[in-house]
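Colleague: The following block contains the structure, expressed as structure tokens.
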Amino acid sequence: MTPLHPATALARNGAVAGDPYGATSPPLYQTSTFAQDRCDAFGEFDYTRTDNPTRRAVESLLAELEGAHGALCYASGMAAIAGALRLAKPGDRILCGRDLYGGTQRFLHEHLDGVGVEHVDFDTDGNGRCLALELALRSAPVKLVFVETPSNPRLSVSDLRAISRAAHAHGALVVVDATAMTPWLMRPLDLGADIVLHSATKGLSGHGDVTAGVVLSRDEGLLGTLAKKRNAEGAALAPFESWLLARGLRTLGVRVDAAQRSALAIARALASEGLAERVIYPGLPSHPQAELHANQARGPGVLIALELATPEAAAQLVERTRLFSTAVSFGGVSSSISVPHFMSHASVPDGAAPRPSDRLVRLSVGLEDPDDLIDDLRQAASSHEPAKPPLGAIRRAKKPFPLRLT
Ligand SMILES: *Cc1c(COP(=O)(O)O)cnc(C)c1O
């Protein structure tokens, strides 16, 4: 049979191997332990830290979507990143793109440094060239190269084919954090990466109700090594969280397609109305790597970065929007807005790559009507409206929004 289209795999996602009742939604095996027939032989499952039918079902689906041999789900995106980077041993050297999620930078600087793994930042200059990477690869042996594309929050694009070629020529593994894309929009393993990972807290689960992470690969040996470490360290995703992730995933395609359509409309409107100094979105021809991105992904995604004229203008935009929650995280059904400098990237330690500017605003577009979102951004950018009411008052403030019924 020809492989299924991802939309079909997602819609049919229901089966847990061996389920005797034919449940059409993945059953939740909320159990820590599985009884054995004999004391000297384990059954298919014995202990949830090692393996669990609900987690295994969501891992199979993620592997299918990503074109991977297997997937390992972790308790969070950071647990997945820490798990993948456990492939580097003391004395190894790893190369990291300069533009990474704040928590990843904190992990590299405050943890890996302490266990004797050296990491070196490099500029992923994109558009088929990776000179900085080539230089770094030539200067000393490298265990692995870690990149994020499009990066959060600057949305700079790394050329995954060129990076994989260069890294492989020097015997290094390529690890890609593809959280901003999800496998619905990009499949780094097809482009040459050895490992792809995601914070499933974001678009994969999509409802803002679970923290989760996943590591995927086509290399059975690598997966086996990582599975052993995950079991030894107890970092696996719990059954209920696995079930929530499976539930969120069922609508991945329609959610991402709809939110991405709105994101494109919003990016175009903001650019044409001059609401920001610069609108950074890989779906606009003004993005310096729009073509590169289009060559390695199926769409520009749901994140938009805006450069405002001043930090005050950035704060005003964030604080005066009423439909966007001021919140870290992204990729959910509800839109959010943030100044990453103070929020998701506040954890970037001194000595790491510079934090994003305090004039940079990140929008995550959800499933609200795009016209409502554009109106909200317009009113927030004009200086006359009152600021967003304090949190306790928001629920009351939301009542007066009239619903448009047509
Ligand atoms: C959020 C995020 C992470 C960390 O994931 P958690 O689930 O919050 O631990 C890693 N990488 C990227 C790109 C992220 O956006």
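The values are calculated or read from the model by the stated rules, or taken from the named source; none is laboratory data. Being a predicted model, the structure only gives us computed values, none of them experimental. Cβ coordinates were reconstructed from backbone atoms using ideal geometry, including for glycine residues, and neighbour counts include every protein chain displayed.
Colleague: Within the group L237, L223, L252, which residue is within 11 Å of the ligand (Cβ to nearest atom), at pLDDT 95 or above and of a type outside the set (G, A, S)?
Modeller: On the way: L223 fails: within 11 Å of the ligand (Cβ to nearest atom); L252 fails: within 11 Å of the ligand (Cβ to nearest atom).
Sole residue among the options that is within 11 Å of the ligand (Cβ to nearest atom), at pLDDT 95 or above and of a type outside the set (G, A, S): L237.
Colleague: Is it the case that the stretch 153-160 has a residue that's over 17 Å from the mean Cα position of the chain (by Cα), assigned to a helix (DSSP H, G or I) and in contact (Cβ under 8 Å) with a residue 24 or more places away in the chain?
Modeller: no
Colleague: Turning to a different aspect of this structure: When the residues of the stretch 298-322 are narrowed to those that are polar (S, T, N, Q) and over 25 Å from the mean Cα position of the chain (by Cα), which ends up nearest to I266 (Cα to Cα)?
Modeller: Per the criteria, the residue is Q316.
Colleague: For G208, which of the numbered conditions (1) of a type outside the set (D, E, K, R); (2) on the phi > 0 side of the Ramachandran plot; (3) away from the ligand (no atom under 12 Å from the Cβ); (4) surrounded by fewer than 23 Cβ atoms within 10 Å (Cβ to Cβ) fails to hold?
Modeller: Answer for G208: the failing condition is (3).
Colleague: Which count do you get for residues in the stretch 140-175 that are at pLDDT 90 or above and under 13 Å from I94 (Cα atoms)?
Modeller: Total meeting the criteria: 13.
Colleague: Next up: For the condition in contact with a Leu (Cβ under 9 Å, 6 or more places away or on another chain) and within 16 Å of the ligand (Cβ to nearest atom), what is the one hit in V120, V147?
Modeller: V147
Colleague: From the list V215, V176, pick out the single residue that is β-branched (V, I, T) and either near the ligand (Cβ under 10 Å from one of its atoms) or over 14 Å from A79 (Cα atoms) (or both).
Modeller: Of the residues listed, the single one that is β-branched (V, I, T) and either near the ligand (Cβ under 10 Å from one of its atoms) or over 14 Å from A79 (Cα atoms) (or both) is V176.
Colleague: To continue, here is another question. Taking the criterion of being more than 11 Å from the ligand (Cβ to nearest atom), under 23 Å from E134 (Cβ atoms) and assigned to a loop (DSSP other than H, G, I, E, B), would at least one residue in the stretch 56-69 satisfy it?
Modeller: No, the stretch 56-69 contains no residue that is more than 11 Å from the ligand (Cβ to nearest atom), under 23 Å from E134 (Cβ atoms) and assigned to a loop (DSSP other than H, G, I, E, B).
Colleague: When L133 is evaluated against the numbered criteria (1) part of a helix (DSSP H, G or I); (2) within 16 Å of the ligand (Cβ to nearest atom); (3) touching a strand residue (DSSP E or B) at 6+ places or on another chain (Cβ under 7 Å), which criterion, by number, is the only one it fails?
Modeller: (2)
Colleague: Given the condition charged (D, E, K, R), without any contact (Cβ under 8 Å) to a residue 60 or more places away in the chain and within 16 Å of the ligand (Cβ to nearest atom), answer yes or no: does some residue in the stretch 263-278 qualify?
Modeller: no
Colleague: Just wondering, is there one or more residues in the stretch 248-257 that are closer than 30 Å to T33 by Cβ and crowded, with 21+ Cβ neighbours inside 10 Å?
Modeller: yes
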